[in-house]
Protein chains: 2
Amino acid sequence: MAPMARAATTSDVFNAIAEPQRREILVLLRAGERPVTELAQELGMTQPGASKHLRVLREVGLVRDRKAGKQRLYGLDARGLRPVHEWAGGFERFWNESFDRLDAYVQDLKQARQEE
Amino acid sequence: MAPMARAATTSDVFNAIAEPQRREILVLLRAGERPVTELAQELGMTQPGASKHLRVLREVGLVRDRKAGKQRLYGLDARGLRPVHEWAGGFERFWNESFDRLDAYVQDLKQARQEE
DNA sequence: CCATCATATGCCGTTATGGGTATGCGTCAA
DNA sequence: TTGACGCATACCCATAACGGCATATGATGG
């Protein structure tokens with residue numbers, strides 16, 4: 001059996017946004033389309049670096065590009081973020097509830113200890 | 001200059017949930033606390049495999065564990081998912097709008113081409 | 001066609017990551 | 001104490017992922 005390595009997670013939106021700089025790119029693009037160089041400059045990365053991140057974002061469909069003269073403008077296509085939002089939202093009721101219960105559990109422990 | 005490699009993304013919630021199996025673990029834990037072996041079994045992975053994923057989840061605070069006799073019960077602490085939900089939610093208005101605009105742009109192009 | 005700007009790619013080196021197996025460690029029961 | 005169980009770790013392998021640099025590719029203006 002060949003040792004299986006990391007599962008290919010690219011082409012998965014969750015993986016695409018796992019990278020901080022890619023998240024920053026998406027945030028910047030909310031303000032409108034931008035050429036690669038401008039993105040690279042604003043985020044303090046090299047042009048090839050920006051292009052690579054943009055490629056990942058494009059492959060998962062979070063970004064679209066179109067030619068504009070010599071430049072290539074990248075724009076946001078946030079539809080792919082909806083599943084992320086919904087997935088996380090599926091835990092909404094646990095944000096408060098489950099932890100109150102944990103606290104309660106801790107309290108129980110303390111009491112039990114005192115009663116020994 | 002030492003070539004900088006991948007940025008250390010561990011200890012980051014976004015990275016923790018980038019792994020499909022880890023997301024599955026979180027979903028399972030919504031039904032309540034579970035021992036490691038049970039999780040491993042339900043997800044079809046080895047026990048060490050489950051432990052490793054649980055460790056990552058614990059390190060980013062998405063999961064809590066407590067001893068229960070011989071076992072160790074893992075429970076959900078979904079508070080860390082809130083930032084994810086909110087971050088993705090920050091793009092909510094673009095899910096529809098921005099794409100309508102892209103469509104409009106495409107229409108403009110077609111027209112412009114016909115008018116040439 | 002030539003020079004130039006704007007991007008994308010290729011390649012290299014380093015590190016992160018995931019899976020597998022073996023094993024250490026703590027706990028409980030007899 | 002001994003043996004079995006439950007889980008965490010350590011170690012190894014193979015590969016995916018980032019960053020930097022050099023270079024190919026594309027489009028534009030002369």
(Q) I'm told A:ARG82 meets every condition in (1) open to solvent by 70 Å² or more (accessible area, probe 1.4 Å); (2) modelled with pLDDT under 95 except one. Can you identify the failing condition by its number? (A) (2)
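Take A:ARG93 and decide whether it is at pLDDT below 95, surrounded by fewer than 19 Cβ atoms within 10 Å (Cβ to Cβ) and more than 9 Å from DNA strand C (Cβ to nearest atom).
Against the criterion (at pLDDT below 95, surrounded by fewer than 19 Cβ atoms within 10 Å (Cβ to Cβ) and more than 9 Å from DNA strand C (Cβ to nearest atom)), A:ARG93 qualifies.
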Q | Residue among A:LEU43, A:LEU29, A:LEU39 that alone is hydrophobic (A, V, I, L, M, F, W, C) and under 26 Å from B:SER11 (Cβ atoms) | A | A:LEU43
Q: Give the range B:24-42 a look and list any residue that's within 13 Å of another protein chain (Cβ to nearest Cβ) and open to solvent by 30 Å² or more (accessible area, probe 1.4 Å), or say none.
A: B:GLU24, B:VAL27, B:LEU28, B:ARG30, B:ALA31, B:GLU33
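Pick from A:ALA88, A:ALA18: which is within 15 Å of DNA strand C (Cβ to nearest atom), modelled with pLDDT of 95 or more and crowded, with 17+ Cβ neighbours inside 10 Å?
Only one candidate qualifies: A:ALA18.
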**Q.** Residue check, A:ALA68 within 14 Å of chain B (Cβ to nearest Cβ) and either away from DNA strand D (no atom under 13 Å from the Cβ) or open to solvent by 80 Å² or more (accessible area, probe 1.4 Å) (or both)
**A.** no
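The values are calculated or read from the model by the stated rules, or taken from the named source; none is laboratory data. In this text the structure is predicted, and so the values were computed from the model without any measurement. Counting neighbours? That spans all protein chains shown, and the Cβs are built from the backbone with ideal geometry, glycine included. Surface areas here come from the heavy atoms of the whole protein model, side chains and all, with no ligands, DNA or RNA. Shrake-Rupley method; radii C 1.70, N 1.55, O 1.52, S 1.80 Å.
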